């Protein structure tokens with residue numbers, strides 16, 4: 001007979017989490033605000049929602065703060081519920097790169113033709129070359145500004161993004177140091193969570209619900225995470241009852 005929580009008991013726990021309201025979800029952010037900060041990473045990029053400040057605080061917690069105009073959000077994430085392998089993204093501003101290539105290519109082509117006297121005197125050449133050059137330079141600068149590589153940290157079983165880190169910002173050393181501190185916090189936090197897969201899934205579902213109340217997730221994202229966790233819950237419980 002399998003030890004630990006029974007199938008019926010687990011189903012009741014899952015149903016309780018599903019129907020708990022956002023207002024009733026526990027949120028200890030007030031007490032967590034008083035904890036000392038271990039490491040902080042502040043970033044600003046077009047791929048981020050305004051200015052983002054990530055802080056690992058005592059007790060293996062991650063504070064996420066975002067400032068965009070007059071909007072200021074702050075919530076805490078328990079790093080043990082993060083997937084240990086973040087999703088890597090490369091953001092290529094393709095249309096800006098295409099505009100820059102076409103404009104600069106046309107500008108260079110006109111200058112080359114002018115050198116052979118093909119288009120000399122046929123049009124206000126230098127004005128057109130200058131316009132194309134400025135257009136190409138502007139598009140190239142825009143492409144450089146929007147380019148970036150990021151790490152998207154998603155929940156372990158819910159597989160929904162909770163925050164993103166832009167690699168190399170504000171500089172490579174600071175970013176690398178923060179990620180190392182975050183990795184240690186993830187390992188330490190995960191070691192204190194339930195070992196049984198079914199219990200872990202229930203607790204992770206509770207964490208997603210808490211994040212809804214704290215402003216870290218919207219309802220649509222929570223529902224996607226819940227569906228993913230419940231599918232995983234079904235696989236875990238089905239596999240647990242199969243004969244060895």
Inset, instruction - Being closer than 30 Å to residue 46 by Cβ and at pLDDT 95 or above narrows it down to one of 181, 212, so name that one. - result: 181
Inset, instruction - Kindly indicate whether residue 217 is without any contact (Cβ under 8 Å) to a residue 60 or more places away in the chain and either touching a strand residue (DSSP E or B) at 6+ places or on another chain (Cβ under 8 Å) or not assigned by TED's automatic domain parsing to the domain that holds residue 234 (or both). - result: yes
Inset, instruction - Please specify each residue of the stretch 80-102 satisfying the condition of being crowded, with 18+ Cβ neighbours inside 10 Å, at pLDDT below 90 and not in a loop (DSSP other than H, G, I, E, B). - result: 96, 99, 100
Inset, instruction - Output yes when any residue across the stretch 133-146 is touching a strand residue (DSSP E or B) at 6+ places or on another chain (Cβ under 9 Å) and either in a helix (DSSP H, G or I) or modelled with pLDDT under 70 (or both), and no when none is. - result: yes
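The values are calculated or read from the model by the stated rules, or taken from the named source; none is laboratory data. What you see is a predicted model; the values in this text were computed from it and never measured. Every residue, glycine among them, receives a Cβ derived from its backbone with ideal geometry; neighbour counts consider all protein chains shown.
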